[in-house]
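Heads up: the structure comes next, in structure tokens.
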Number of protein chains: 4
Amino acid sequence: MTHIQTQSTWLSDEELRLARERLPVVYVDAVPVRVDEQGRITAIGLLLRARPDGSISRAVVSGRVWYGERIRSALLRHLEKDLGPLALPKLPVTVAPFTIVEYFPDPTVSGFHDPRQHAVGLAYVVPIEGDCRPAHDVLDLTWLSPAEATSPEVRAEMTGGQDRLVVMALAYTGESV
Amino acid sequence: MTHIQTQSTWLSDEELRLARERLPVVYVDAVPVRVDEQGRITAIGLLLRARPDGSISRAVVSGRVWYGERIRSALLRHLEKDLGPLALPKLPVTVAPFTIVEYFPDPTVSGFHDPRQHAVGLAYVVPIEGDCRPAHDVLDLTWLSPAEATSPEVRAEMTGGQDRLVVMALAYTGESV
Amino acid sequence: MTHIQTQSTWLSDEELRLARERLPVVYVDAVPVRVDEQGRITAIGLLLRARPDGSISRAVVSGRVWYGERIRSALLRHLEKDLGPLALPKLPVTVAPFTIVEYFPDPTVSGFHDPRQHAVGLAYVVPIEGDCRPAHDVLDLTWLSPAEATSPEVRAEMTGGQDRLVVMALAYTGESV
Amino acid sequence: MTHIQTQSTWLSDEELRLARERLPVVYVDAVPVRVDEQGRITAIGLLLRARPDGSISRAVVSGRVWYGERIRSALLRHLEKDLGPLALPKLPVTVAPFTIVEYFPDPTVSGFHDPRQHAVGLAYVVPIEGDCRPAHDVLDLTWLSPAEATSPEVRAEMTGGQDRLVVMALAYTGESV
């Protein structure tokens, strides 16, 4: 589908580090949801991940767009990587994200924080129809009701502004916030 | 699901006619599409309908929202009415329409024309996953590629501005227009 | 501009009451905001209104779309009616609302409540550049910061779900919620 | 406003070239428009630029987001660079773009073409209220009606898919397409 080489294989860690210090990195953020037959959100899927400092936090699906890669391909790749190959994500018909998340090494700039880089995240809400088998470095996947996912307790378990992203996703869909 | 009585059964034709002369009528417009595994549109479903004047024209799914009815329920009801009960429409996660279509009895007001009424259409693009059996007063349902659906020939077979609505739907999704 | 007669002058209260019992009524909801030179919201304008039961509540600009009236005209008419003729509202370039608010006489249906009718509100965020002179039945207009407007105290002073609409408006713009 | 250093001054051409070969570059695309008091587009501003091969083409405002720079700051910077300091652009209240433009060195991938790089463009429609003095490397700025801007003649004068972007921008606003 993609007619130019992607850089996944040949970009060394060192090269990536250097590029990351020079350019904002394009990310896709996907909030996995279960929906009923009317398209209404019944549950939000939050991943449990170990962080570099050893702590554990909840997060949505998120990852880098490769050189040469289409946005939709990157979304599917990260959803499959985190939720497993049988998750059956239903990507939205539009490539326009519901919001843009601006992550900065300095947490005070936008409230969205990524200690490694300046990243520009295109954010989507993605219904998941299949079975999820958290893969990769995901410790667990929990499906929470909209009320649970935006409760103070759960919000406190998300870092870097991911809790705000979940609230914004629910607000976008018209769900109670 | 809906806790108040809807007016479908008790609103007489005469009452509806009178109300239609006094208030804009809320409509939902749904552009049925087939999508690939990446959410990209592969085909657009256009209905073939007989019009009051005996002519035949192509159209998207469209219909009135009842008193007491939720937008999502109205969308599902009209999709099922026109495409049959096995169509498996996948409503978007957000209730925000991609555009608003303002239909007027005078075709020069907005370019969108409905000789019967002033209608305000909330427009959605809806992926269809199941089998369609055109029902109700639909003569036929044709799946066309985006290029075909926006060709001058097919656009000429749509009335009331429906051809513009199809172009707007494709533009919204990021498809070639 | 509008080539057909609007019903403002000839629709009696009785006729309107009858129509309102038969059809959902089209509304426009406008959240007035002050923005900085980057388009970022610095303040949200909340109206103080007396309610039929004698209580007072805060609200955004909201009102009915007339028969024959364009959405943009209705928005400007209600903004002028509530904020005065010098408010200089800057309508968005798109007529697509950021959300749809479904008001029902039964507050349990959607959480958005209007005791008089089933209304379908097209909701917009509208920057205000001029001077506001609350007019009509507005007791006062207060500009609050996003944090203030979504504080529990202020949310408690809004009824019918208007507090949720303000949160949804802020979430839509990418502001902290 | 921005609390971290941007890379504008210290990123050498060579470093930028290397980074561009490794990561998609974040761009902002702004379609400058004149609007009437109802927010309706009356004209679209197209820049006339000399291209590297000596040909001349029409284009919208477009440019890179710097490391450490907010999206809104990048938009204002490029609008001022191309339209001059008195253009008074009115950025939208939401940072969510109306579409994402995926530019590739290979023009067959998405139809949007940039021979220099893989760029991910966040696209906005931006009303311009002030006086424009095309600056930088802009030869001229022409304001065209929506019908003119989407005519076959003008579309033929745009390269890299910019003509499609203009059509998508108009479709997004609800204007005739």
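The values are calculated or read from the model by the stated rules, or taken from the named source; none is laboratory data. Here the structure is a predicted model, which means the values were calculated and not measured. Quick reminder, even Gly has a Cβ in these numbers, built from the backbone with ideal geometry, and neighbours come from all protein chains shown.
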Q. Does region C:153-169 contain at least one residue that is within 30 Å of A:Ala96 (Cβ to Cβ) and of a type in the set (Val, Ile, Thr)?
A. yes
Q: Of the conditions (1) at negative phi; (2) within 15 Å of the chain's Cα centre (by Cα), B:Pro152 clears all except one; give me its number.
A: (2)
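Could you identify the single residue in B:Asp82, B:Asp53, B:Asp13, B:Asp29 that is farther than 27 Å from C:Val28 by Cα, touching a residue at least 12 places away in the same chain (Cβ under 8 Å) and more than 14 Å from chain A (Cβ to nearest Cβ)?
The unique qualifying residue is B:Asp82.
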**Q.** Residue that is surrounded by the fewest Cβ atoms within 10 Å (Cβ to Cβ) [pool: residues in region C:1-28 that are modelled with pLDDT of 75 or more, part of a loop (DSSP other than H, G, I, E, B) and within 22 Å of the chain's Cα centre (by Cα)]
**A.** C:Glu21
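Taking the residues in region C:85-116 that are hydrophobic (A, V, I, L, M, F, W, C) and over 19 Å from A:Gly174 (Cα atoms) as candidates, determine which candidate is nearest to the other protein chains (Cβ to nearest Cβ). Steps first, answer last, please.
From region C:85-116, those hydrophobic (A, V, I, L, M, F, W, C) are C:86-88, C:91, C:93, C:95-96, C:98, C:100-101, C:104, C:109, C:112; that's our starting set.
From what's left, over 19 Å from A:Gly174 (Cα atoms): C:86-88, C:91, C:93.
Details: C:Leu86: 13, C:Ala87: 12, C:Leu88: 9, C:Leu91: 3, C:Val93: 5 Å.
Ranking the qualifying residues of region C:85-116, first place goes to C:Leu91.
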(Q) For region C:59-77, which positions are surrounded by 23 or more Cβ atoms within 10 Å (Cβ to Cβ) and away from every other protein chain (no Cβ under 13 Å)? (A) C:Val60, C:Val61, C:Ser62
Q.
Please go through region B:78-89 and give me each residue that is surrounded by fewer than 20 Cβ atoms within 10 Å (Cβ to Cβ) and more than 13 Å from the chain's Cα centre (by Cα), ordered by number.
A. B:Gly84, B:Pro85, B:Leu86, B:Leu88
**Q.** Any pair with Cβ under 6 angstrom, 6 or more apart, that starts in region B:131-148 at a residue that is on the phi < 0 side of the Ramachandran plot and in contact (Cβ under 8 Å) with a residue 12 or more places away in the chain and ends at one that is in a loop (DSSP other than H, G, I, E, B) and of a type in the set (Asp, Glu)
**A.** B:Pro146/B:Glu175
Q) What is the residue count in region A:32-50 for residues that are buried (at least 22 other Cβ atoms within 10 Å of the Cβ) and more than 14 Å from every other protein chain (Cβ to nearest Cβ)? A) 2
Q) When you scan region D:110-130, how many residues do you find that are modelled with pLDDT under 95 and out of contact with any Phe, Trp or Tyr (no Cβ under 8 Å at 6 or more places or on another chain)? A) 3
Q: May I ask you to list the residues in region B:126-177 that are away from every other protein chain (no Cβ under 14 Å), crowded, with 16+ Cβ neighbours inside 10 Å and within 13 Å of B:Leu79 (Cα to Cα)?
A: B:Cys132, B:Pro134, B:Val138, B:Leu141
